[in-house]
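Below: one structure, written as structure tokens.
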Amino acid sequence: MMAFSIGFGFGAGVALAQSPSPYDMTYALRDGKPTSLYADMSEKAAKKGSVPGDAKGIVLRWCRDEIPFGSWQFGSRKSQLALLDARWCEISYNGVVGSVPGKVLTPQ
């Protein structure tokens, strides 16, 4: 008869902060000023309306280029804002869907 031994080793490890995916959280406007909501991902696109400066609960639907999850989840707040700065994002606010430059958004 053979005996098997299973051992568990516990050691001190480095804890990494992790946030939800960028699509599993809500957003506010970074500078608190109203921003235009565009029909496409360009300031040359038709304006669909605006988002008030005090808006909260903005839902991020997707961004172009896609936000790399690992960079977002394990990145600092500063690196998350830099990822947004480099993109256009489609958002939903009060039932209206449109696009904004990512630089206007901040995670709540």
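Here residue 56 meets the list (1) touching a strand residue (DSSP E or B) at 6+ places or on another chain (Cβ under 7 Å); (2) surrounded by 13 or more Cβ atoms within 10 Å (Cβ to Cβ) almost entirely, failing just condition (2).
Which of the following residues is more than 18 Å from residue 28 (Cβ to Cβ), of a type outside the set (A, V, I, L, M) and exposed (fewer than 15 other Cβ atoms within 10 Å of the Cβ): 77, 64? Even if it seems obvious, please write down each step before you answer.
Details: 77 fails: more than 18 Å from residue 28 (Cβ to Cβ).
Checking each option against the conditions leaves just 64.
Residues of segment 31-53 that are among the hydroxyl-bearing types (Ser, Thr, Tyr) and either surrounded by 13 or more Cβ atoms within 10 Å (Cβ to Cβ) or touching an Asp or Glu at 6+ places or on another chain (Cβ under 9 Å) (or both): 35, 36, 38, 50.
Just a yes or no: is a residue in segment 47-63 without any contact (Cβ under 8 Å) to a residue 60 or more places away in the chain and part of a helix (DSSP H, G or I)?
Just the residues of segment 47-63 that are without any contact (Cβ under 8 Å) to a residue 60 or more places away in the chain, to begin with: 47-63.
With the extra rule that they be part of a helix (DSSP H, G or I), the set shrinks to none.
The answer is no; no qualifying residue exists.
Taking segment 62-87 as the range and being under 9 Å from the mean Cα position of the chain (by Cα) and among the charged types (D, E, K, R) as the test, no residue passes.
Coordinate-derived values only; no laboratory data. Computed from a predicted structure; not experimentally measured. Glycine also receives a Cβ, built like all others from the backbone with ideal geometry; neighbour counts cover every protein chain displayed.
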